[in-house]
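The values are calculated or read from the model by the stated rules, or taken from the named source; none is laboratory data. For clarity, every value in this text was computed on a predicted model and none was experimentally measured. Using ideal geometry, Cβ is built from the backbone for each residue, glycine included, and neighbour counts are taken over all protein chains shown.
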C-alpha cells in the first residue's frame, strides 16, 4: 500500500512526503507533479492507501482532480491540501468526494494531526461487533455535540483538537453510519436510540 502526494510545487511535495514518512515509518510515499502520472505510478507502486492532492495542477481544473481520483478509487481517503482558503473550495471539494480540505497555511502539526486521523484504522470500531450502533467513545461524543448544535470550531475547542481533526472524525462517523450530513446523523441517532434525553 502506498501514500500518494500529488503537488506540482517541489518544496510542498517534499514537505508532505516528510510529514507522511513521520506518520508511517517505512511507508512507500509516491510523489507526483501532475494527475496524468497516476496510472503508471499505481501500476508500479500498488494500491493507494491515501491521496494528498493539490487542487491547482497543470492538468486539472477546479475540483476535476478530486472527481477523477474518487471515480477511480472511491474508497481511498483523499485529502485536498490547497493554498486556496477553505471558504473558496472546501464545499465543492467535499461534494466532489474529498474526505477533508486542509489549507497549506495550517502548519505542519495541524496537517499531521488531520492526516493521522484520516489514516487511522478502524480497529477501535472493528473490535466491536458489526452492529450498526457499535460506535467508538469519540463517535458517541460527536453525536451528542452535534445534537447540541455545536460548530466544528466549538467541538474542536471542547475536545482540545484541531478543526481539521474534527472534520476527519465526522467523516469517519458519517462513513460508519452510512450517512452524508449532520442532519442525517442526528436522524439516524434518534431512530436508533443513540440520543437519550
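Structural remarks
- Among the residues of region 5-32, those identified as in contact (Cβ under 8 Å) with a residue 24 or more places away in the chain and closer than 20 Å to residue 105 by Cα are 5, 6, 7, 8, 9, 12, 15, 16, 19, 20, 22, 23.
Okay, residues lined up against (1) within 30 Å of residue 56 (Cβ to Cβ); (2) surrounded by 13 or more Cβ atoms within 10 Å (Cβ to Cβ); (3) modelled with pLDDT of 85 or more; (4) assigned by TED's automatic domain parsing to the domain that holds residue 22:
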{"residue": "99", "(1), (2), (3), (4)": "yes, yes, yes, yes"}
{"residue": "102", "(1), (2), (3), (4)": "yes, yes, yes, yes"}
{"residue": "105", "(1), (2), (3), (4)": "yes, no, yes, yes"}
{"residue": "130", "(1), (2), (3), (4)": "no, no, no, no"}
{"residue": "176", "(1), (2), (3), (4)": "no, yes, no, no"}
{"residue": "179", "(1), (2), (3), (4)": "no, yes, yes, no"}
{"residue": "188", "(1), (2), (3), (4)": "no, yes, yes, no"}
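- Residue match in region 54-75 (condition: within 24 Å of residue 173 (Cβ to Cβ), touching a strand residue (DSSP E or B) at 6+ places or on another chain (Cβ under 8 Å), surrounded by fewer than 17 Cβ atoms within 10 Å (Cβ to Cβ) and touching a residue at least 12 places away in the same chain (Cβ under 8 Å)): no
- One residue from 39, 54 being modelled with pLDDT of 90 or more and more than 11 Å from residue 6 (Cβ to Cβ): 39
- Selection status of residue 47, surrounded by fewer than 19 Cβ atoms within 10 Å (Cβ to Cβ) and within 15 Å of residue 6 (Cβ to Cβ): no
- Qualifying residue in region 15-28 (condition: surrounded by fewer than 17 Cβ atoms within 10 Å (Cβ to Cβ) and farther than 21 Å from residue 117 by Cα): no
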